[in-house]
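Working notes for the structure below.
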Amino acid sequence: MLLVEDLLLLLMDDETGTPAGAGTLPYTLGGAVLVELALLGRVDTTGAGGFSGEKVIAVEGEPLADPLLRQAYEKVAEKPRGVQTLLLQIGGNLWNDVVDRLVGQGLVRRESRKVLGLFRTTRLPAADGQREQETRDRIRAVLVDGAEPDTRTAALIALLSASGALPALRPQLAWSTPVIKRAKELEQGNWGASAVNTAVARTAAAIATSSAVVAVTVITTTS
């Protein structure tokens, strides 16, 4: 599974499928795909910033097997763009694609029905919660128990922290100053020596930071 699939599983309500942080969801999902490409060594940042954040550049390599990653990579490869611009360009239409993948893997059910015999609504309840629970357990172990994160868990926490959605996880974490501090450290790319090399962590941190900037901007604008 891709990071963006695990991330959306965590964000979706298990009963209805409604995602936490819906207002900034495209940016969060786009960030997850860019981080995945960073972990694969297929994107890097130039260090040159601007209004739309650090510019992201494509790194050549073997063709990407996953169509979702391949499509995102091709967008990056067109020309260097700011992180924040890419977040929306990549994540703007991801919701339906990722939901379809989760349904196809038997992790989510799609239930359609009519309300009052007139209005059709769709619910997306969890169908198999084992993977989601395992992911939650790893997140809790890192943030609450102080365990050393593996690369993907560190990336997920960074993205959740940047999006502001960590408090929405169910069951809720035991929030404390150390937990909040640890989440922010991971958001900033301090993933530990055993996780990833410095270049990948730097790229992922730049993406997560831009996700946070966008989230704050969107929330402020719509409030």
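The values are calculated or read from the model by the stated rules, or taken from the named source; none is laboratory data. Only a predicted model underlies this, so the values are computations on that prediction, with no experimental measurement involved. Glycine also receives a Cβ, built like all others from the backbone with ideal geometry; neighbour counts cover every protein chain displayed.
Structure data summary
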item: Helices (runs of 4 or more DSSP H) contained in segment 60-106 and holding at least 1 residues over 17 Å from the mean Cα position of the chain (by Cα); result: 67-78, 94-104
item: Options 211, 194: the member that is modelled with pLDDT under 85 and touching a Phe, Trp or Tyr at 6+ places or on another chain (Cβ under 6 Å); result: 211
item: Matching residues in segment 108-132 - criterion: being surrounded by 11 or more Cβ atoms within 10 Å (Cβ to Cβ) and assigned to a helix (DSSP H, G or I); result: 131, 132
item: Residue count for segment 109-139, restricted to those that are over 17 Å from the mean Cα position of the chain (by Cα) and of a type in the set (Lys, Arg); result: 6
item: Hits in segment 141-175 (condition: more than 24 Å from residue 38 (Cα to Cα), assigned to a helix (DSSP H, G or I) and of a type in the set (D, E, K, R)); result: none
item: Boolean, residue 130 is at pLDDT 85 or above and either closer than 27 Å to residue 106 by Cβ or of a type outside the set (A, V, I, L, M, F, W, C) (or both); result: yes
item: Output for segment 123-140, where each listed residue is within 17 Å of residue 15 (Cα to Cα) and without any contact (Cβ under 8 Å) to a residue 60 or more places away in the chain; result: 127, 128, 130, 133
item: Candidates 58, 32, filtered to the one that is among the small types (Gly, Ala, Ser), surrounded by 17 or more Cβ atoms within 10 Å (Cβ to Cβ) and farther than 30 Å from residue 123 by Cβ; result: 58
item: Count - residues of segment 147-160 that are more than 22 Å from residue 29 (Cβ to Cβ) and either modelled with pLDDT under 90 or among the polar types (S, T, N, Q) (or both); result: 1
